[in-house]
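> This is the structure, below, for whatever I ask next.
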Amino acid sequence: MNEADVLEVLRSGIWATLLIAAPPLAVAVVVGVAISLVQALTQVQEMTLTFVPKIVAILVTTVLSLPFMYATLATYGERLSSLIVSVR
């Protein structure tokens, strides 16, 4: 295994992490901006109003995207396994 293989493993690991984290983070940003806009328009500055909907949205998004997350991790794991086998 040379340096290029190590860099490829690191690159694909970082890419898999970004793909797995993207759906909940994107939903958190969208919900946060929407709630901030509503708070700015209505001048209601309640702290729980920002956290509860965001947590619920992230939870629902995570549950709905679990098959995608699993497939991404499985693909990455298979790629790592094939690299480990090819080294021997």
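The values are calculated or read from the model by the stated rules, or taken from the named source; none is laboratory data. Bear in mind that the values here come from a model prediction, so they are computed numbers and not experimental data. Glycine gets a Cβ as well: all are built from the backbone with ideal geometry, and neighbour counts include every protein chain shown.
> Residue check, Val63 against (1) surrounded by fewer than 11 Cβ atoms within 10 Å (Cβ to Cβ); (2) more than 18 Å from the chain's Cα centre (by Cα), all met but one. Which one?
Condition (2) is where Val63 drops out.
> Which residues, counting only those in region 1-41, are of a type in the set (Asp, Glu) and surrounded by 12 or more Cβ atoms within 10 Å (Cβ to Cβ)? Lay out the reasoning, then the answer.
The first filter runs over region 1-41 and keeps only residues of a type in the set (Asp, Glu), leaving 3, 5, 8.
Matches in region 1-41: Asp5, Glu8.
> Here is a list of conditions, (1) on the phi > 0 side of the Ramachandran plot; (2) modelled with pLDDT of 90 or more, and Glu78 meets all of them except one; can you say which number that is?
(1)
> Just need a number here: residues in region 43-88 that are under 24 Å from Asp5 (Cα atoms) and without any contact (Cβ under 8 Å) to a residue 12 or more places away in the chain.
11
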